[in-house]
1. Could you pull out the residue among 318, 324, 329, 265 that is more than 22 Å from the chain's Cα centre (by Cα) and modelled with pLDDT of 75 or more?
2. Residue 280 is checked against (1) modelled with pLDDT of 75 or more; (2) of a type outside the set (S, T, N, Q); (3) within 23 Å of residue 309 (Cβ to Cβ) and fails just one. What number does that condition carry?
3. Check off (1) without any contact (Cβ under 8 Å) to a residue 24 or more places away in the chain; (2) assigned to a helix (DSSP H, G or I) for residue 34 and give me the number that stays unchecked.
4. Inside segment 195-219, can you point out the residues that are within 17 Å of residue 61 (Cβ to Cβ) and at pLDDT 85 or above?
5. Go through (1) within 20 Å of residue 234 (Cα to Cα); (2) modelled with pLDDT of 75 or more and name the single condition residue 300 misses.
6. Determine, yes or no, whether residue 273 is out of contact with any Leu (no Cβ under 7 Å at 6 or more places or on another chain), at pLDDT 80 or above and not charged (D, E, K, R).
7. Of all residues in segment 209-258, which are aromatic (Phe, Trp, Tyr), assigned to a helix (DSSP H, G or I) and farther than 26 Å from residue 288 by Cβ?
8. List, please: which pairs have Cβ atoms under 8 Å, are six or more places apart or on different chains, and start with a residue in segment 40-61 that is surrounded by 12 or more Cβ atoms within 10 Å (Cβ to Cβ) and end with one that is hydrophobic (A, V, I, L, M, F, W, C) and outside any helix (DSSP H, G or I)?
Amino acid sequence: MVAAGAIVLYLVWRVREVIRLVAISLFVALALMPVVDAIDSRVRAPRALIILIVYVVLIVSVAVIGYVVVPSLVKEVQQISHDAPRYAADLRHNGTFRHYDDRYHISAKLVDDARRLPQLLGHLVGPLKDVTVQAASFIGQLTTVLAISFLLILHGREYVNLGLTVSGPRSGRYRQLIVDVNRAVADYVLGNIVISVLATVATWIVLSILGVPYALSLGFLVGFFDLIPLVGATLGAIFVAVATVPVDFPTATIVWVAFIIVWQRFEDYVVQPMVYGRALKVNPIVTIVAVLAGASLLGILGALLAIPTAAAIQIVLRDWWAHREHAARATPP
């Protein structure tokens, strides 16, 4: 028995990359299935064609956002690097700052670091050889995920029905369990997208009022980071805070920081409960541990998958515990 378990674990370890791609494909399929179902119920077109159109829209959206955001970020970095001496001089007008600056040379270090920003940005983009080598692997994995997700969305219900035929009298329970997991994952993904869109629009409006250049691009940046659980919104806010420095420091920066603090409270206590509803009642400790574990395994993608995965596991455990208690009560003493 121990030997058989060891063999199974060894085989799982050997095919861990395949398991990872299948898990990601399942997540993508569960997230996109409600969208495809909604379109399929309203449009007379082959389901396969609808899935392909959804794929194309998603790929084009990502490409357009990247095309809009990346050039504006490069220009912002160059602008901050060029104007760094002037910002340091403005800071020295403050007596308290000047006192500590004379002792610790803060402004000189800030100017030196700011002037090195374009060089650091170049280093981040620099290793084109490694990027080229890894690009083929990434494209291959992406194609695999999209192909498996395509088949799951197209024939997923048939696969589920086929699997339930061997479950006997428990098929109804397992079917409801699958429906609950599907709903939880779909609600999380679609809700996260809605929240990110709201964050993008709110950021764009505030930055436009403040006169910050590339307000829409920075809004897209905040929306992207807002997809990342726990720390994403804070990281996006820091990037935008740096972008407000050339406009009207410190007024614009203070206004932005105040807005993002209020917005995050509004998002946590008003927007998220309205969007997610009761589908994702995951314990906060479980959320933190899941995000950390997901990030260590799959990076940003793992952090994105962590919460819906934890919610799905929680649904399965809750169902198991409920039926266990029911069986215990039904068993005569």
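1. 318
2. (1)
3. (1)
4. First, the residues of segment 195-219 that are within 17 Å of residue 61 (Cβ to Cβ): 195-201, 204, 216-217, 219.
The answer is 195, 196, 197, 198, 199, 200, 201, 204, 219.
5. The one condition residue 300 does not meet is (2).
6. Details: out of contact with any Leu (no Cβ under 7 Å at 6 or more places or on another chain): yes; at pLDDT 80 or above: no; not charged (D, E, K, R): yes.
For residue 273, the condition - out of contact with any Leu (no Cβ under 7 Å at 6 or more places or on another chain), at pLDDT 80 or above and not charged (D, E, K, R) - is not met.
7. So the first thing to find is which residues in segment 209-258 are aromatic (Phe, Trp, Tyr), and the list is 214, 220, 224-225, 239, 249, 256.
Next, only the ones that are assigned to a helix (DSSP H, G or I) stay: 220, 224-225, 239, 256.
Selection gives 220, 256.
8. 50/43
The values are calculated or read from the model by the stated rules, or taken from the named source; none is laboratory data. Keep in mind that this is a model prediction, so the values were computed, not measured. Neighbour counts run over all protein chains shown; Cβ positions are idealised from the backbone, glycine included.
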